[in-house]
Structure formats: structure tokens, C-alpha cells
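Derivation of every value follows stated rules applied to the coordinates shown; laboratory data play no part. Only a predicted model underlies this, so the values are computations on that prediction, with no experimental measurement involved. Note: ideal-geometry Cβ built from the backbone for every residue, glycine included; neighbour counts use all protein chains shown.
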Amino acid sequence: MPFKTIIYDCDGVMFDSLEANCAFYERIMTPLGRTLDRGDETTMRVLHTYANRDVLAFFFPQEPQKSQALELAAAVEYRELIPLMRMEQGFMETLEELQPRFHLAVCTNRSTSMEEVLAKFDLTRFFGYVMTASKVKNPKPHPEPLHRILEHYRIAPHEALFVGDSELDRLAAAAAGVPFVAYKASLTGYARINHHREILSLLEQSDNG
């Protein structure tokens, strides 16, 4: 069957948002006497891919700093950090071509900032369903967020494509049975793309069998 829904991760796929994410956690860590180690691979992977509550648990596993970190996170005005985000090249143009033919959705481990980010970049109009970590009990890599999108559109897993850039995305897609497209990442899946417009030819090939 042809694909009906294209699902996008946010960070690292729709946007280069690493600087914004680093700035967010630095606003939490600095008052607590901690320094964000941008040179540590594990730290940066966790910061960029996991849900906010899991990142904070990673940085602050013990009380009282755990509770203090949650309070500081709630006080951060993410809108001040949105200017640090950069939309990936060709993304909006690709959405304009996809929208007449496919349902478009977001599946992200962001919690409460996703709608504001979409509005700021004039992307709200493209996405019929936005799934965030705050809307599910189990964020990625659990398949629950993708299951919710499939249920919303009443489609089978093989009728969707999930475009992601991390192992969490790949694991979530595999668990949900959704074909996975790796964006700028050496991950196994249905396909790999290095530019958003490449998905157009990928879908054309699928339509032609």
C-alpha cells in the first residue's frame, strides 16, 4: 500500500537546535553550580534526543538538586531560545510539496515548546497532528507516541514513514512497525536521506513500485 502519513522528529531533523538545547540546560545547570560539558558525547546525545524529564534525571539524579532543576526548567522562557534554532535547508519547500498528498505529523521528545516553535517558523499550517513527550506516558524510544499518531489517522504502521536522526527514533519506529528514514545519520532503516527534498524521490519510487 502507498504511504499516507509522513512523521517528522523535530531536533536534528526539522531544525538544527543543538545550540538552543544547550542554552536551555545551561540556564538550569549554572544556578546549581554545574557546567555543561559540550565535549562529552554521551552528555550531548542525551541532551539532544531524550525527553526533558529524562535529561534532567540524567544530570540531577539526586535530591535536592533534582527538584531544584525541575523548578528552574519550568521557569525557562523557551521563546527566548527559539532564535538560536535554524530550520534545515529545504524543509519548508518539501512540506509544501508533501502537504497536498500526505498527512503530516510531528513526533518529538520535546515537552511544551513544540507548538511555539512551529508557530514561530510558520510551520503550524503543515502539521495535522503534533505528538510530544508531555502528551504520552512513555516517550521515545517507546512506540507509544507513534502508536498515537497511527490511531489518530486510522492507518496501519506500514502506511507511515518516520523521519528521524537518532537511535531513539529508530528504536521507536522499529517497535511500532513504522518504516524509518534516517536523516543525516548512519542508521539502519527503510532509507537514508541527507537533504529533505530526497524524500520526494523516495516516495515517487514507492508509488511506482
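In table form, for the structure just shown:
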| item | result |
| --- | --- |
| For the chain, share of DSSP beta bridges that run antiparallel, in % to the nearest 5 | 10 percent |
| Dipole of the chain [Lys/Arg +1, Asp/Glu -1 at C-beta], most positive-end residue of 42, 55, 166 | 55 |
| Residue-span extension gain [residue 97 to residue 32] - 0.36 nm each, minus C-alpha spacing | 18.8 nm |
| Alpha carbon centroid spacing (whole Å) that separates region 1-62 from region 113-127 | 19 Å |
| Percent RCO, i.e. relative contact order, over region 18-82, from Cα pairs under 8 Å lying at least 6 residues apart | 44 percent |
| Other-chain or far-sequence residues with amide H under 5 Å of residue 110's (modelled H) | 133 |
| log10 of Debye I(q)/I(0), alpha-carbon scatterers only, for region 18-82 at 0.15, 0.18, 0.28, 0.29 Å⁻¹ | -0.41, -0.60, -1.49, -1.57 |
| Environment charge of residue 172, counting only residues whose C-beta is closer than 13 Å and scoring Lys/Arg +1, Asp/Glu -1 | -2 |
| In sequence order, calculated HN-Hα J values of region 178-189 (Karplus, 6.51, -1.76, 1.60; Hz; x Gly/Pro) | 9, x, 10, 10, 7, 9, 6, 8, 8, 10, 6, x |
| About the Cα centre, charge dipole magnitude for region 18-82 (Lys/Arg +1, Asp/Glu -1 at Cβ), debye | 80 debye |
| Alpha-carbon centroid distance for the pair region 69-111 / region 155-192, whole angstrom | 18 Å |
| Charged-residue dipole, Cβ positions (Lys, Arg, Asp, Glu), the chain about Cα centre, Debye nearest 20 | 420 debye |
